[in-house]
Amino acid sequence: MSKADLLNSLYKDIAASKVCNELALQSSGLVPGSGNLDADIVIVGEAPGKAEDAEGKPFVGASGKFLDMMLESAGIARANIYITNIVKYRPPSNRDPSKFEKAEFWPYLLRELEIIQPKFIITLGRHSGMCFLPDLVIGRDHGQPKEVLLNERSYVLIPLYHPAAALYNGNMRQTLIDDFMFTAKLLAQ
Ligand code: URA
């Protein structure tokens, strides 16, 4: 089966298993991962917001525009990466995804990563980062690569701040831009 077919069957399984059914019913539908299926880099966000829910694509709203700007200035083409979220339905009023919702989606995120087979995983925000590194302290660990082993496959994980948090906070914004620059250098090695 091709990667596209495997992803389609993954999304069918999410619907058939009624993963986070309450969220599903309150949202416009599942927002699947999007991008290059052969990417070396997968970016993992938290959950779709209003714009993502409306368009059915991750990171197309304000945080997505900021993410695009950072990717461009770091010389990373969005066409070369794959972007997804842990929780794939929009939480009402853009609240944080709950522990339960993240746990429900976690096995599907692992399957998604196994299909794409990236070398690097960039997590955005502590919700996403802590799914991979439960002891993560984002203020301490942001921008520092860590090797993680998931289902016997090893990835280099780089936890970063979430663009939505950094968008209107000058210091965090600059830190995230700097972390993206550093990450791009690491990826180029
Ligand atoms: N924030 C996220 O974490 N994911 C999106 O897709 C959009 C905003």
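The values are calculated or read from the model by the stated rules, or taken from the named source; none is laboratory data. All values derive from a computational prediction rather than experimental measurement. Reconstructed Cβ throughout: ideal geometry from the backbone, glycine too, with neighbour counts over all protein chains shown. Just so you know, the surface numbers come from the protein's heavy atoms only, side chains and all, with ligands and any DNA or RNA stripped out. Shrake-Rupley method; radii C 1.70, N 1.55, O 1.52, S 1.80 Å.
Counting the residues of segment 27-76 that are within 11 Å of the ligand (Cβ to nearest atom), among the polar types (S, T, N, Q) and under 20 Å from LEU10 (Cβ atoms) gives 1.
Could you tell me whether LEU186 is surrounded by fewer than 16 Cβ atoms within 10 Å (Cβ to Cβ), out of contact with any Asp or Glu (no Cβ under 9 Å at 6 or more places or on another chain) and in contact (Cβ under 8 Å) with a residue 12 or more places away in the chain? Walk me through it before giving the result.
Details: surrounded by fewer than 16 Cβ atoms within 10 Å (Cβ to Cβ): yes; out of contact with any Asp or Glu (no Cβ under 9 Å at 6 or more places or on another chain): yes; in contact (Cβ under 8 Å) with a residue 12 or more places away in the chain: yes.
Considered against the rule, which asks whether it is surrounded by fewer than 16 Cβ atoms within 10 Å (Cβ to Cβ), out of contact with any Asp or Glu (no Cβ under 9 Å at 6 or more places or on another chain) and in contact (Cβ under 8 Å) with a residue 12 or more places away in the chain, LEU186 comes out as yes.
Filter segment 79-114 for residues that are outside any loop (DSSP other than H, G, I, E, B) and either at positive phi or hydroxyl-bearing (Ser, Thr, Tyr) (or both) and give the result.
TYR82, THR84, SER93, ASN94, TYR108
When ALA15 is tested against the conditions (1) without any contact (Cβ under 8 Å) to a residue 40 or more places away in the chain; (2) within 11 Å of the ligand (Cβ to nearest atom), the lone failure is (2). Scanning segment 151-167 for residues that are within 13 Å of the chain's Cα centre (by Cα) and more than 12 Å from the ligand (Cβ to nearest atom) gives LEU157, ILE158, PRO159. Regarding segment 137-148, can at least one residue be identified that is more than 16 Å from the ligand (Cβ to nearest atom), over 16 Å from ILE43 (Cβ atoms) and open to solvent by less than 30 Å² (accessible area, probe 1.4 Å)? Within segment 137-148, one or more residues are more than 16 Å from the ligand (Cβ to nearest atom), over 16 Å from ILE43 (Cβ atoms) and open to solvent by less than 30 Å² (accessible area, probe 1.4 Å). Here ALA165 meets each of (1) open to solvent by less than 50 Å² (accessible area, probe 1.4 Å); (2) under 15 Å from GLY129 (Cα atoms); (3) assigned to a helix (DSSP H, G or I); (4) of a type in the set (A, V, I, L, M, F, W, C) with one exception, condition (1).
Scanning segment 102-115 for residues that are among the hydroxyl-bearing types (Ser, Thr, Tyr), within 15 Å of the ligand (Cβ to nearest atom) and either open to solvent by 10 Å² or more (accessible area, probe 1.4 Å) or farther than 16 Å from ASP13 by Cβ (or both) turns up nothing.
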